[in-house]
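Undergrad: The structure under discussion is supplied below as C-alpha cells; questions concerning it will follow.
The values are calculated or read from the model by the stated rules, or taken from the named source; none is laboratory data. Everything numeric in this text was worked out from a predicted model, so none of it was measured. Positions of Cβ are generated from backbone atoms using ideal geometry, with glycine treated the same way; all protein chains shown enter the neighbour counts. Calculation scope for accessible area: heavy atoms of the full protein, side chains included, ligands and nucleic acids excluded. Shrake-Rupley method; radii C 1.70, N 1.55, O 1.52, S 1.80 Å.
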Amino acid sequence: MARHLITSALPYINGIKHLGNMVGSMLPADVYARYLRQRGHDVLYICATDEHGTPAELAAKAAGQSVDAFCGAQHDAQKAIYDGFGLRFDHFGRSSSRQNVELTQHFARKLQENGFIEERAIRQVFSLADDRFLPDRYIVGTCPHCGYDKARGDQCENCTRVLDPTDLIEPRSAISGSAELEVRETTHLFLLQSKLQAEVEQWIDASSADWPTLASSIARKWLTEGLQDRAITRDLDWGVPVPADVWPELAADGKVFYVWFDAPIEYIAATKEWADAADAAEAAGERDWKSWWYEAGDVRYTEFMAKDNVPFHSVMFPATQIGTREPWKKVDFLKAFNWLNYYGGKFSTSQQRGIFTDAALELLPADYWRYFLIANAPESDDTSFTWELFSSSVNKDLADTLGNFVNRVLSFSRKRFGDDVPAGAAAGPAEQKLGEEIAGLLAEYEGHLEALQFRKAAAALRALWSAGNSYLEEKAPWLEIKTDKEAAALTLRTAMNLIHLYAVVSEPFIPASAKAMRSAFALPDDTAAWVTQEEAKALASVPAGTAFTVPPVLFAKITEDDLESYRARFGGGEETAGA
C-alpha cells in the first residue's frame, strides 16, 4: 500500500472559521484521508493553526491577552470544533511551536548559504495614527487590476493578484482607517524568487499535469508574469525570530519572518510535533517525521486549499524548498477549491457574515453539514449556500433516501422475524442484478474519490443509497410476507447487507451515522475495512442469525419552522443576495 501525506491549508488563529473555510480545505482532506485509511493505505493527515502575523497581535490586544495566551486558547477552541466535525487529523499543531521556529530558521539559513536571500533597504508604509509600520495586509485600498475596493496590500482576494501596498489606489490603514500614511526606510530579507523561476517552472511542468485547472492556471499565471523577489521579514513583535547567528543586526532590531514564509514550513514542523509527541515507550521508532518529508520518494503528497492560497503553495513554498538544495518532499497533487458563498455574497470571518462552524454544530449534527458541504463542494465554480438548498439536501438524501431505508428495513424485520437477521431463501436473479448494480456504482464512487472529484463522489454515493430503495420497492417485502415468508426474509437479509455496505462506504462522508449503522449489527471483528467488488456483488457480509438492533432515527428532517428560525438568526433570501 502507498504512503499518503495529506495537508490542508492552516486555519488562521483569529477566530472561529466559517463553513467556507471548512469545505475549502479541512473537510475534503478528511474525507480523502478516511477513504484511503479504509483502503488500507498508510496515511498521515497533518494540519495546524496559523498563529503569526499582525491579525493575531491585534486580536489578542482586543481580547486583553498576551498573544501567546490568546493563540493557545484559540487553538484549543478551534480544535474542539474540528473534533466536533469529526476531522481525524493525525496531528493538529501550532505554527508558533518550537519545531516550526527551528525549521523556519533552518530553511532561512540554507537559503542564505545558497545565495537566495538578500538584505535590502526598502521604503515601507508607516501609519502615523497607529505609530507603527503596517504589514502589507493591513493596508487596504482599491485594486488597480480589478477595482475591488477592499484589496489588501499583499493580495487582492477578489482577483487573487499579488500586490504591493504602493500598488493600491487610495490606501489607508486597516487598523485605524487613517489615510495618514508615510513611507519610511527599513531593512528586510528578500527571498530571490527571480533566481529560482526556471527551476520552479521546470518543477511545475513536471508535476502539475493532473492538477485541477484552477490550481495549475493560478500557478502558471504567476510564472507568466514572472516571479518577483519577495520580502520575507516584518517589523512585528510576534513571529519566528530572524536568527542572530546569521543576521545579528536584524535580530537586534526584532525582525521576524513573514507569516507566509513560516506557515507552509509548519506542515513539516507539525509532522515533527507529531513525532515528538509520541510516547517513547510505545512509539519508539514508529514516528519518523523525516521519512515523510526528506528523501520521501515513496510518499504521495496531496494538499487541499481554497484558490486564494494557491499562489503561495504552488510557487512560493516550492521555491523555498528548492532553494534549500535539500530533498524536501514537494506536493504531488494540489486540490484547489473555489469559494462557497452565502446567498450570493461572500462568507466573511471579519464581517461575521454567514454560518460559522461553532454555530453550525449547535444547530445540527456534524454529518448533516459534512454531507451537504461535500455534495455541493465549490470545485469547478463558486457555489452558494442557501437554507433552502441545505434543507432539501438533508431531507431528500439523508432523511428520505438513506435514513428511511435503514429504519424501514430494520424495524420491519424485527417486527416480523425477531432480533436476528433472517435466513430466508437463497439469492435469486433480483439479488444478482442488485449485486452487479451495487458493484458498478461502488467502482464509480471509488473512481471519483481517487480522482478527488467530491461532488461526483457524492452523486455516486447517493446513487448507491437509491439502488437499495429501488430494490426494496421492487421486492416489496411487506407484500411478499403475505404469500412467501422465505422470499420476504431473503429481501430483508439482502437489504440488511446493503445497510452494512452503506455504513462502510459512507464513512468518509458521514462517519457518526456510519458508525451507528455498522453498530446495529453484532458482527465480531467488524473493522469497517473497504468493500471489495466481490463483497459488493455477494451482499453477504452480514450472515443470517446475526443479532441486530434498530438504531435511533439517523436524520431528523428540517421543518419549515426550523428554516424560519435559521433565516431569522443568520439571514437568508432576498435581503442578503446582494450583500
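Undergrad: Starting from 0.36 nm per residue, how many nanometres of slack lie between residue 62 and residue 474 once their C-alpha separation is accounted for?
TA: Working: separation 412, 0.36 × 412 = 148.32 nm, distance 6.29 nm.
Extra length available between residue 62 and residue 474 comes to 142.0 nm.
Undergrad: For the range 215-294 and the range 160-188, write down the distance between their C-alpha centroids in whole Å.
TA: 25
Undergrad: Another question about this same structure. Taking all protein chains as present, what is the carbon and sulfur share of the accessible area of the chain, in % to the nearest whole number, probe 1.4 Å?
TA: Working: 10790 of 22770 Å².
Solvent-exposed carbon and sulfur of the chain make up 47 percent of the total.
Undergrad: Let me ask something additional. What does a probe at residue 130 reach in the range 165-191, counting residues whose amide N is under 18 Å from the point 7 Å along Cα→Cβ?
TA: Zone members listed by number: 165-187.
Undergrad: Using a 4.7 Å Cβ cut-off, which Cys residues in the chain lack a partner cysteine?
TA: That list is 47, 71.
Undergrad: Over the chain, calculate the relative contact order: mean separation of alpha carbon pairs under 8 Å at least 6 apart, over the residue count, as a percent.
TA: 16
Undergrad: In whole Å, what are the Cα extents of the range 277-431 along the three principal axes, biggest one first?
TA: 70, 48, 38
Undergrad: Arranged from highest to lowest average of other beta-carbon atoms within 10 Å per residue, in what order do the peptides 93-99, 255-261, 384-390 appear? If you can, show how the numbers build up before the last one.
TA: On the way: 93-99: 22.3, 255-261: 24.3, 384-390: 18.0.
The most tightly packed comes first, giving 255-261, 93-99, 384-390.
Undergrad: Could you provide, to the nearest whole Å², the per residue accessible area of the chain with probe 1.4 Å?
TA: Numbers: 22770 Å² over 579 residues.
Result: 39 Å² of accessible area for each residue.
Undergrad: Kirkwood hydrodynamic radius (Cα pairs, Å) of the range 418-562? Please report the intermediate quantities before stating the final value.
TA: Working: mean 1/r = 0.0626 Å⁻¹.
Every distinct Cα pair counted, the radius reaches 16.0 Å.
Undergrad: On C-alpha positions alone, give me the angle between the axis of helix 54-63 and the longest principal axis of the chain, in degrees, nearest 10.
TA: The answer is roughly 80 degrees.
Undergrad: Given the DSSP H assignment, sum -39500 (n - 2.57) over each helix run of at least 4 residues in the chain and divide by its residue total; what's the result at 222 nm in deg cm²/dmol, nearest 500? Spell out each step's value before the answer.
TA: Values: 23 runs with 263 residues, N = 579.
Using -39500 (n - 2.57) per qualifying helix, the result is -14000 deg cm²/dmol.
Undergrad: Any idea what angle helix 404-417 forms with the longest principal axis of the chain, computed on alpha-carbon atoms, 0 to 90 degrees, nearest 10?
TA: Relative to the chain, helix 404-417 is tipped by roughly 30 degrees.
Undergrad: Sticking with this structure for a sec: Hey, what did the range 433-579 get for relative contact order, percent, Cα under 8 Å, at least 6 apart?
TA: On the way: 118 pairs, mean separation 33.2, N = 147.
RCO, the range 433-579: 23 percent.
Undergrad: Provide the packing ranking of 524-534, 13-23, 551-561, i.e. peptides ordered by the mean count of other C-beta atoms within 10 Å per residue, highest first. Before the final figure, lay out the partial values.
TA: Numbers: 524-534: 12.5, 13-23: 22.8, 551-561: 14.7.
For the peptides 524-534, 13-23, 551-561, the packing ranking is 13-23, 551-561, 524-534.
Undergrad: In this model, which of 290/456; 272/515; 150/307; 61/307 are farther than 27 Å apart at the alpha-carbon? Don't skip to the answer; put the middle values down first.
TA: Numbers: 290/456 35 Å; 272/515 31 Å; 150/307 18 Å; 61/307 30 Å.
290/456; 272/515; 61/307, as the Cα separations exceed 27 Å there.
Undergrad: Now for a different question. Which aspartates and glutamates does residue 329 reach when only Cα atoms under 13 Å apart count, and residues fewer than 8 places away in its own chain are ignored?
TA: Correct list for residue 329: 295, 298, 303.
Undergrad: For the range 342-463, what does the alpha-carbon gyration tensor say about shape, rounded, prolate or oblate, given a ≥ b ≥ c as the root eigenvalues, a/c under 1.5 as rounded, and a/b over b/c as prolate? The partial results should precede the final answer.
TA: Details: a/c = 3.57, a/b = 1.77, b/c = 2.02.
Oblate.
Undergrad: Continuing with this model, one more query. Past 24 Å, Cα to Cα, is the threshold; run 415/537; 396/475; 475/557; 17/346; 346/396 against it and keep the listed order. Walk me through the intermediate numbers first.
TA: On the way: 415/537 28 Å; 396/475 22 Å; 475/557 27 Å; 17/346 13 Å; 346/396 27 Å.
The pairs that break the limit, which is 24 Å between Cα atoms, are 415/537; 475/557; 346/396.
Undergrad: Consider all pairwise Cα distances in the range 104-208 and report the whole-number % of them above 20 Å. Can you show the working numbers first?
TA: Details: 2933 of 5460 pairs.
The answer is 54 percent, as a whole percent.
Undergrad: Kirkwood Rh and Cα-based Rg: tell me the resulting Rg over Rh for the chain, rounded to two decimals.
TA: On the way: Rg = 26.7 Å, Rh = 26.0 Å.
So for the chain, dividing Rg by the Kirkwood Rh gives 1.03.
Undergrad: Beyond 17 Å, what share of the Cα-Cα pairs of the range 353-400 is found? Please give it as a whole percent.
TA: Numbers: 366 of 1128 pairs.
Result: 32 percent of Cα pairs exceed 17 Å.
Undergrad: Once you keep just the Cα pairs under 8 angstrom separated by 6 or more residues, what percentage relative contact order results for the range 135-248?
TA: Details: 132 pairs, mean separation 22.7, N = 114.
The normalised contact order for the range 135-248 reaches 20 percent.
Undergrad: Another question, then. Roughly what angle does helix 454-475 make with the longest principal axis of the chain, taking Cα atoms, 0 to 90 degrees, to the nearest 10?
TA: Roughly 10 degrees, rounded to the nearest 10.
Undergrad: A further question on this structure: Where nothing but the Cβ of Lys and Arg (+1) and of Asp and Glu (-1) is charged, how large is the charge dipole of the chain around its Cα centre, in debye to the nearest 20? Mind dumping the intermediate values first?
TA: Working: 58 positive and 83 negative charges, 196 e Å.
My answer is approximately 940 debye.
Undergrad: Which of the aspartates and glutamates could a cross-linker span from residue 79 if the Cα-Cα distance has to be under 12 Å and same-chain partners fewer than 8 positions apart are dropped?
TA: 358
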